[in-house]
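Reading through the structure tokens given below for one structure.
The values are calculated or read from the model by the stated rules, or taken from the named source; none is laboratory data. Here the structure is a predicted model, which is why all the values come from computation and not from measurement. Positions of Cβ are backbone-derived with ideal geometry, glycine not excepted, and every protein chain shown enters the neighbour counts. In case anyone asks, the SASA skips ligands and DNA or RNA and just uses the protein heavy atoms, side chains included. Shrake-Rupley method; radii C 1.70, N 1.55, O 1.52, S 1.80 Å.
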Amino acid sequence: MSAPGLPARAAAQKVLSEVLRRRCPLDAALAKSAALEVRDAGFARAIAGETLRRLGQLEALIRTYVPKPPARNRAGSTPEILLAASCELLFLGVAAHAAVDAANRLAQADEKAVHFKPLINAVLRRVAREGKNLVAAQDAARLNTPDWLWQRWFETYGEKTTRAIASAHLGTPPLDIVTKGEPPGVPEASPLFGRVWRLDDPARVDVLPGYADGGWWVQDAAATLSASLLGDVRGKAVIDLCAAPGGKTAQLAAAGAQVTAVERDATRMERLRANLRRLRLDAELVVEDARDFHPKNSAPLVLLDAPCSATGTIRRHPELPWIKNAGDVTLCAQAAGELLDAAADLTAEGGLLVFAVCSLEREEGHEQVESFLRRRPEFSRVAVVPHEVFGLAELIDADGDLRTLPCHLAERGGMDGFYAARLRRRS
């Protein structure tokens, strides 16, 4: 019989290998892991997620004991075993005997890692004795932010804000849920703003009260703000581009809009369809690339939440800094320009277009809008005012655009990084 927690640790090790060696998103890697008991699945997610959240610190710590790590093609799963077990010891509060014993068992089961079992055992015993003092002296915000991101944020936001952003990424984020109007019926939830409620220590979403009945959906607080910039949508036609997984579609439909949701990925559209069915909300669903979508009539309201590098969501996706790079930002920025032009063509004269990205990078947000306004003079910026964002004036930048940062609402658990600009087409 396997030791308690060993299946979870084995799954976490494989997940880390998928993420770090193959640049696989964390959620996709977790989905690939073998079916686990609920408790083991939660433990595996905790190990993998916190290891990625603290990866820079853990790698620096291990290099203290192993200055020249063995080549991965020779060492098998040794690097992942060391990282995950060190995370258990230092950040998850697991007893030393349990973490070290499990690491040795995992190494024993790997035909390559077994040759490094003495090294694994020696390093982890030193981590257990000395690691907490070494970690306390580390610059956690800097170590856990790769150079390519730190430099970009430093140039855009300055050192103080960059440190605040990086520090916000170190905490496990709360869960935000959005209701159709009534309180969610979840005792642990507290109101944040608008129809957003927050759970600081959430259980499994699908077992919470009101989920099966379609009373609410999961959506980060920051993500709700871009759709709200369209104003009162009741009875109005709205085109929601790049709509999956459907949080904004649900938000608009619940507010009484006649929504046309456009999404090019059929699998993601099925997820959107299922969400609307659970929520008992209606929208017209179109599986098509937004650049090829040509409806009979333009719309008075258009929302484009463009695909992007998603660096604003690192709190929830701690693997992103380690599986993406500056080249991904460039590619996303190029596509965003095409999508923004397509969205403009769908906007009726006198209508509003809201462009949004869950990115912290200027090329994907602010620079996109500046370039768009130069080439499309029939559009002009409509500044956001504080009452539209529940009095949170710090969420509005110098140009009047929405700019949320992970360090905003820090005392309440933070929020995702989002940029949104509201643009009106002249009559």
Summed residue charge, Cβ within 11 Å of Asn73's Cβ, Lys/Arg positive, Asp/Glu negative: +4
Label-point separation, Gln334 to Asp292 (7 Å along Cα→Cβ), nm: 1.9 nm
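Grab the other residues whose beta carbon is less than 10 angstrom from that of Ala306, score K and R as +1, D and E as -1, and report the net. Could the numbers behind the result be given before it?
Values: positive: none; negative: Asp305, Glu338, Glu364.
With Lys, Arg at +1 and Asp, Glu at -1, the neighbours total -3.
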Residue of Gly246, Gly76, Gly414 that the Gaussian network model of the chain assigns the largest fluctuation, springs spanning Cα pairs under 10 Å: Gly76
Share antiparallel - DSSP beta bridges, the range 288-427, percent rounded to 5: 70 percent
Largest-first ellipsoid semi-axes for the chain, taking √(5λ) over the Cα gyration tensor eigenvalues, angstrom: 42, 23, 20
Unsatisfied cross-links (Cα-Cα over 25 Å) in the set Lys14/Lys324; Lys160/Lys248; Lys112/Lys132; Lys112/Lys324: Lys160/Lys248; Lys112/Lys132; Lys112/Lys324
Electrostatic dipole magnitude of the range 293-417 [Cβ: Lys, Arg +1; Asp, Glu -1; Cα centre; debye, to 20]: 160 debye
Stretchable slack from Arg374 to Ala109, in nm (0.36 nm times residue separation minus alpha-carbon distance): 89.3 nm
The range 183-239: trypsin sites (Lys or Arg not before Pro) in DSSP coil with no more than 15 other Cβ atoms inside 10 Å: Arg204, Arg234
For the range 216-303, the Rg and Dmax computed from alpha carbons only, in angstrom: 11.9, 34
Within the chain, helix-based [θ] at 222 nm, where runs of 4 or more DSSP H residues each add -39,500 (n - 2.57), nearest 500: -14000 deg cm²/dmol
FRET efficiency for Arg72 and Ser427, using Cβ-Cβ distance with R0 set to 56 Å, rounded to 0.05: 0.35
Distance from the range 131-183 to the range 197-257 (C-alpha centre basis), Å: 25 Å
Net lengthening on full extension, Asp341/Arg204 (0.36 nm per residue, minus Cα-Cα): 45.3 nm
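State, as an integer percentage, the relative contact order of the chain based on alpha-carbon contacts under 8 Å between residues 6 or more apart. Could the numbers behind the result be given before it?
On the way: 735 pairs, mean separation 56.3, N = 427.
Once normalised by length, the contact order is 13 percent.
Kindly report the accessible area of the range 359-427 per residue (heavy atoms of protein chains, probe 1.4 Å, no ligands, DNA or RNA), in Å². It would help to have the intermediate numbers written out before the result.
Values: 2900 Å² over 69 residues.
Accessible area per residue: 42 Å².
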Relative contact order [Cα under 8 Å, 6+ residues apart], the range 285-427, whole percent: 29 percent
Kyte-Doolittle at least 0.5, axis length at least 15 Å by Cα - qualifying DSSP helices, the chain: 78-91, 326-346
For the chain, size of Cβ-based charge dipole, Lys and Arg +1, Asp and Glu -1, in debye: 1080 debye
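Largest first, what is the accessible-area ranking of Trp216, Trp322 with a 1.4 Å probe?
Numbers: Trp216 0, Trp322 70 Å².
So the residues, ranked largest to smallest area, are Trp322, Trp216.
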The range 193-328 - percent relative contact order, Cα under 8 Å, separation 6 or more: 23 percent
Heavy-atom SASA rank of Thr172, Thr404 (probe 1.4 Å, accessible area, largest first): Thr172, Thr404
Probe 1.4 Å, accessible area per residue of the range 175-267, Å²: 40 Å²
Between the range 341-409 and the range 79-118, the Cα center-to-center distance that results, in Å: 47 Å
Rounded accessible area of Cys332 (nearest 10 Å², 1.4 Å probe): 30 Å²
Candidates Ala335, Ala212, Ala71: whichever shows maximal mean-square fluctuation once the chain is modelled as a Gaussian network with Cα springs under 10 Å: Ala71
Carbon plus sulfur fraction of accessible area for the chain, probe 1.4 Å, in percent: 51 percent
Förster-model FRET efficiency, 45 Å R0, Glu130 and Asp265, C-beta, rounded to 0.05: 0.40
Neighbourhood charge, 10 Å Cβ-Cβ cut-off, centred on Ala95 and excluding it, Lys, Arg +1 and Asp, Glu -1: -2
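Restricting to the chain, what percent of DSSP beta bridges are antiparallel, rounded to 5?
Counting DSSP beta bridges with both partners in the chain, the antiparallel share is about 55 percent.
Which GluC sites (Glu not before Pro) from the range 130-216 combine a DSSP loop assignment with at most 15 other Cβ atoms within 10 Å? Show your work: numbers first, answer last.
Values: sites: Glu130, Glu155, Glu159, Glu188; in loops: Glu188.
Sites meeting the loop and neighbour criteria: Glu188.
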